[in-house]
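Report on the following structure.
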Amino acid sequence: MHAWKQNLRLRSARIALFGVVSLAALHPAAARVVRIVIEHKESPAYQGQSFGKAGKCEILTGHAFGELDPQDPSNTIITDIQFAPRNQRGIVEYAATFTLIKPVDTSKASGVLLYEVPNRGNSPVLWPNFRIEDDASQGHVLLVSGWQGDLAPQAGLETIDVPVAKNPDGSSITGSVLARLFNRPANSNTASLTAGFGGLLYQRPLTLDTNKATFVKFTSDGAQPIPIPPSDWAFADCSQTPFPGSPDPTKICVKGTFDPTLLYQVVFTAKDPLVLGIGLAATRDIVSFFRYAQHDDAGNPNPIGGKITHAIAFGTSQSGNFLKTFLNLGFNQDEAHRIVWDGVNTNIAGRQNPINFRFAIPGGATNLYEPGSEGVLWWSGYRDYARRRPVAGLLDRCRASHTCPKIFETFGATEFWDLRISPGLVGTKADRDIPLPANVRRYYFPGVTHGGGPGGFSTAAVAAPGNCALAANPNPSRDTMRALRQDLIAWVVRGTEPPPSRYPRLDKHELVKPTRAAMGFPGLPGGTSPDGLINPMFDYDFGSSFKYNDLSGVISQQPPVVRQILPMLVPKVNRDGNEVDGVLSALHQAPVGTYLGWNITASGYYKGKICAFVGGFVPFAKTKSQRLASGDPRLSLAERYISHERYVARVKTAAQRMVTQRFLLQEDADRLVGEAEASDVLR
């Protein structure tokens, strides 16, 4: 059985097992979660460990079954919801997984519900580096739930079942879609069309006739496409059967093999789009249920009913993009007109999430032709003259409903270079700072890769990650994020003002063009340079049916026309090549090298271009003679620190400064000083 058929069978079986169709028999009321099913309870969890005053914790997992009125103004913004199948009462249904972590004794709950947005279905609370004790010891309740409807059901993933949109007569809705294939391994003849970092390919071709599609290859981005005749490829799997292989709508097979130095692009007519925007409304209603409800329509009690006074959401990367879209589209107000989240942290999120348009790919990235940066990118109202759009901001709808949360926006250097975050700060003309509203704080982590590095004070360069040319960037952000998490909770719950925003600004001449000359970047050994590396910001024409500011509607132009390339800025650097504006980690304040937000692709189609989502590291020479021999203009470790003891003193001063500024917890400061003492720096 083909994988896609098996995934559909799993999806259908799960819906039948938990009785989504039975929702029609329940009390007909406003759209919301109408039933919860707890399928597994681990109590006590974490090997019976006790967490401070809160005591032992338990983990509840199950499904939340919800209903949405497609006519309700809260839901009409969901693309294609009017074409979703309805039950006997005219209501659209969904089923989402959830995981709830709470004190066994709910009387010890703090009243704070922390929602962690899954990243491509992966629950952050299950990640090895997630410090459950930080939240559990305070009695905070943690919640995660499925929102990405193109993920196949799988153990360990948070997923959601959403309906397929159909025309009123039951026929398939169709549309043009595009997929790009690159860095194919040598001698391979079959490529998967699985979309967006693990998303289930639901954009299946209306027909497997290759005469109805266009398949081309490129020698480089911007080059003229080289057509591939319909007779030389197939929607098929040739891994076990010679060309034309076994028909498969999720794969492409070529006669011969793929050339790993080329990029391949297919455009075809797809059918049966999923109504993926339902994931936004489902998240709204699931959080609202656990926050406000006492029980579901069947009388099943809310396990934390009456215990929650505040709710805060955290989203990283794709999940942070989801939060920006959630706020932009007005989902922070539930259908009873109550606020959903009082606080939100969008972390390393440079754009909106591509979830709410027909044939969307929520797991996409920032590759050429992928939507995401077309929507509103700024918190305050800004007139987008460059793209000919009126004044708009991410918080317009929540301001109108008086449901805006307190917001932390946190990000690092890679977000400037690869995730196009610059327009969110200085607009699409890159000519002025866009002011932050009073409810938003922005914290920038200089010289940090996407998500931050592992830390440590070693002078040894770590091997280059993946297909990158430069060593991995160790500069961390996790310690600062840990402190900021407590700062956000204190701001929401007690009104304690957080630290002032810290980020580079144009009016202070801290942001410049992404060139070596403008940045003041030093001439490093080997010619390492940022010139030509930044991921361009394109102004796309996706057709007149696409709602650009909301990243919603229908794409009718594939591939899109590139109207223009928009300017972007990056932070200036010092003579070491290190950035100096923002919340500097202790390692960055006592550097052992140059910490870059960018890296360089070593081989393949994108050789010499930016290496996706990865920062680099160029260590300092140990002695003056070594740096002179290599032509390195940066001072050596011995020249700048003199001795190991002086280096440790520098780290100690930096860490204590961060504690005073509330960007570091004292226990983490003590640990960092210990790591510096144990390091090999000038030993």
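The values are calculated or read from the model by the stated rules, or taken from the named source; none is laboratory data. In this text the structure is predicted, and so the values were computed from the model without any measurement. Note: ideal-geometry Cβ built from the backbone for every residue, glycine included; neighbour counts use all protein chains shown. Accessible surface areas use protein heavy atoms only, side chains included; no ligands, DNA or RNA. Shrake-Rupley method; radii C 1.70, N 1.55, O 1.52, S 1.80 Å.
Things to note:
- Here's the picture: charge each Lys and Arg Cβ at +1 and each Asp and Glu Cβ at -1 in the chain, and of Thr480, Pro227, Pro522 the one pushed furthest to the positive end of that dipole is Pro522.
- Carbon/sulfur fraction of accessible area - the stretch 279-322, other protein chains in place, 1.4 Å, %: 48 percent
- As a rough guide to protection, the peptides 585-597, 104-116 ranked by mean Cβ packing within 10 Å, highest first, stand as 585-597, 104-116.
- The mean sequence distance of close C-alpha pairs (under 8 Å, at least 6 residues apart), as a share of the length of the stretch 531-683, puts its relative contact order at 16 percent.
- Segments 288-300, 549-561 sorted - mean Cβ within 10 Å per residue, highest first: 549-561, 288-300
- Eigen-decomposition of the gyration tensor built on the alpha-carbon atoms of the chain gives equivalent ellipsoid semi-axes of 40, 34, 23 angstrom, largest listed first.
- Charged side chains reduced to their Cβ positions (Lys and Arg at +1, Asp and Glu at -1) give the stretch 245-302 a dipole of some 200 debye around its Cα centre.
- Carbon plus sulfur fraction of accessible area for the stretch 344-470, probe 1.4 Å, in percent: 54 percent
- Cα-based equivalent ellipsoid, the stretch 215-279: semi-axes from gyration tensor eigenvalues, Å: 24, 19, 10
- Accessible surface of the stretch 474-564 [probe 1.4 Å, protein heavy atoms]: carbon and sulfur percent: 50 percent
- For the stretch 217-223, the Karplus equation 6.51 cos²θ - 1.76 cosθ + 1.60, evaluated at θ = phi - 60°, returns couplings of 9, 10, 7, 6, 4, x, 6 Hz by residue, with Gly and Pro reported as x.
- Projecting the Cα atoms of Asn187, Ser636, Leu368 onto the dipole axis of the chain, where Lys and Arg carry +1 and Asp and Glu carry -1 at the beta carbon, places Ser636 farthest toward the positive end.
- Among residues other than Thr309 with Cβ under 13 Å from its Cβ, the summed charge is +3 (Lys and Arg +1, Asp and Glu -1).
- Those Cys residues of the chain for which no other cysteine Cβ falls under 4.7 Å: Cys57
- One quarter of the convex hull surface built on the alpha carbon atoms of the stretch 601-683 amounts to 8.0 nm², the projected area averaged over directions.
- Under the Karplus curve 6.51 cos²θ - 1.76 cosθ + 1.60, θ = phi - 60°, whole-Hz ³J(HN,Hα) for the stretch 255-266, x wherever Gly or Pro sits: 6, x, 9, 6, 8, x, 8, 10, 10, 10, 9, 10
- Taking the Cα centre of the stretch 549-661 as origin and assigning +1 to Lys and Arg Cβ atoms and -1 to Asp and Glu Cβ atoms, the resulting dipole is close to 380 debye.
- Evaluated at q = 0.10, 0.17 Å⁻¹, the base-10 log of the normalised Debye intensity for the stretch 527-683, with identical point scatterers placed on the Cα atoms, takes the values -0.57, -1.08.
- Accessible surface, per residue, of the stretch 419-538 when the full set of protein chains is kept, probe 1.4 Å, Å²: 38 Å²
- Each residue of the stretch 408-419 was assigned a 3J(HN,Hα) from its phi angle through the Karplus curve 6.51 cos²θ - 1.76 cosθ + 1.60 (θ = phi - 60°); the sequence is 10, 10, 10, 6, x, 5, 4, 5, 5, 7, 10, 10 Hz, with glycine and proline shown as x.
- Surface accessible to a 1.4 Å probe, per residue, for the residues of the stretch 560-683, Å²: 43 Å²
- With 25 Å as the limit, the listed pairs Lys53/Lys307; Lys41/Lys307; Lys429/Lys547; Lys324/Lys607; Lys324/Lys547; Lys53/Lys406 have Lys324/Lys607; Lys53/Lys406 beyond it between alpha carbons.
- Note that the stretch 482-612 carries a Kirkwood radius of 18.5 Å, evaluated over its alpha carbons pair by pair.
- Given +1 at the Cβ of Lys and Arg, -1 at the Cβ of Asp and Glu and no other charges, the dipole of the chain around its Cα centre is 980 debye to the nearest 20.
- Surface accessible to a 1.4 Å probe, per residue, for the residues of the stretch 206-284, Å²: 41 Å²
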